[in-house]
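Below: one structure, written as C-alpha cells.
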Amino acid sequence: AFVLHQGPLPDSDFNARALMSLRQSLYAAGHKYEKSHLLSHQLSSSQCLLATHEELWHFQHPQQLQSIRVKGRLQLPSEVMRIEACVAGLGIAKLTDTDVGSQLRNGSLIRLQTPMAVEAQTLSLLYRHQYLPLRARLFIEFFQSHIGRLSSRI
C-alpha cells in the first residue's frame, strides 16, 4: 500500500518517491496591486492568504531554501478558496501557476515578482516497505508516464 502526499515531506519512516512538482508563485488582485515587485521584508508585513496551519513560505535561493514567516487573517483549506479570496483582494496568495491561467488572462490576478523563486509544490508517493509489489510498481510507472497529460489538463 502507498499514499500520495502533497507538499513538503514530513519526517517519518516511510520511503518516498517524487512523482511531480508544480511551479508556484505569489499572486495578488489586479485591481489592488499596480506594482508587481515584492521584496521579502514586504511579504512578512503583508496580509497573506494561507493554507490551513501554514506559517512559513519557502523560497529557493541559489544554493539553499529560505523560509519567511507569513501572517494572514484567513486560513483556507483549498486552493480554489484561496484563488477566490485573492481575486477579491483579501491578500497575497501562494498558488500553483497552472491553476490561475484564466485569472491572469482576464487581469483579475497578477503574478508578483520576488527576488527568489517560490518553492515548487511536490507530489510524492509514500510507502512503508522498501520493495513494492509488482502491481504497485506498474501503477506508479503508468501514473508517471501519464502525469504530463494530467498536468496539461489541469
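The values are calculated or read from the model by the stated rules, or taken from the named source; none is laboratory data. As the structure is a prediction and not an experimental result, all values here were calculated from the model. Ideal geometry is used to build each Cβ from the backbone, glycine not excepted, and the neighbour counts take in all protein chains shown. SASA here: full protein model, heavy atoms, side chains in, ligands and nucleic acids out. Shrake-Rupley method; radii C 1.70, N 1.55, O 1.52, S 1.80 Å.
How much FRET efficiency would the formula 1/(1 + (r/R0)^6) give for HIS53 and TYR33, where r is the Cβ-Cβ distance and R0 is 30 Å, rounded to 0.05?
Working: r = 26 Å, r/R0 = 0.88.
Calculated value: 0.70.
Given a 1.4 angstrom probe, what's the average accessible area per residue across the chain, in square angstrom?
Working: 9770 Å² over 154 residues.
I get 63 Å² per residue for the chain.
As a check on your grasp of the helix formula, calculate [θ] at 222 nm for the chain: sum -39500 (n - 2.57) over DSSP H runs of n ≥ 4, divide by the residue count, round to the nearest 500.
Values: 4 runs with 38 residues, N = 154.
About -7000 deg cm²/dmol.
When only C-alpha pairs under 8 Å and at least 6 residues apart count, what is the relative contact order of segment 1-101, in percent?
Details: 130 pairs, mean separation 36.2, N = 101.
About 36 percent, as a whole number.
What are the trypsin sites (Lys or Arg not before Pro) within segment 5-58 that DSSP puts in a loop, where the Cβ has at most 14 other Cβ atoms within 10 Å? Before the final figure, lay out each step's value.
Working: sites: ARG17, ARG23, LYS32, LYS35; in loops: ARG23, LYS32, LYS35.
In loop regions of segment 5-58 (DSSP not H, G, I, E or B), the sparsely surrounded trypsin sites (Lys or Arg not before Pro) are ARG23, LYS32, LYS35.
With the full set of protein chains in place, find how many percent of the accessible area of the chain is carbon and sulfur; take the probe as 1.4 Å. Let's see the in-between values first.
On the way: 5140 of 9770 Å².
That share works out to 53 percent.
Residue by residue, what Karplus-based ³J(HN,Hα) values in Hz, rounded to whole numbers, does segment 42-54 have, using 6.51, -1.76 and 1.60 with θ = phi - 60° and x for Gly and Pro?
So the J values, rounded to whole Hz, are 6, 5, 5, 9, 8, 6, 10, 9, 10, 6, 4, 6, 8.
Filter the trypsin sites (Lys or Arg not before Pro) in segment 68-154 to those in DSSP coil with at most 13 other Cβ atoms within 10 Å of their Cβ, and list the result.
Details: sites: ARG69, LYS71, ARG73, ARG82, LYS94, ARG105, ARG111, ARG128, ARG135, ARG137, ARG149, ARG153; in loops: ARG128.
Counting only loop positions with at most 13 other Cβ atoms within 10 Å, the trypsin sites (Lys or Arg not before Pro) in segment 68-154 are ARG128.
What FRET efficiency comes out for the pair ARG111/ILE68, r = Cβ-Cβ distance, R0 = 25 Å, nearest 0.05? The partial results should precede the final answer.
Numbers: r = 17 Å, r/R0 = 0.70.
Result of the calculation: an efficiency of 0.90.
Among GLN75, GLN64, GLN113, determine the one that fluctuates most according to a GNM of the chain built with springs between C-alpha atoms less than 10 Å apart.
Judging by the Gaussian network model, the answer is GLN64.
Taking Cα atoms, how many degrees apart are the long axis of helix 134-153 and the longest axis of the chain, rounded to 10 and kept between 0 and 90?
Rounded to the nearest ten degrees, it is 30.
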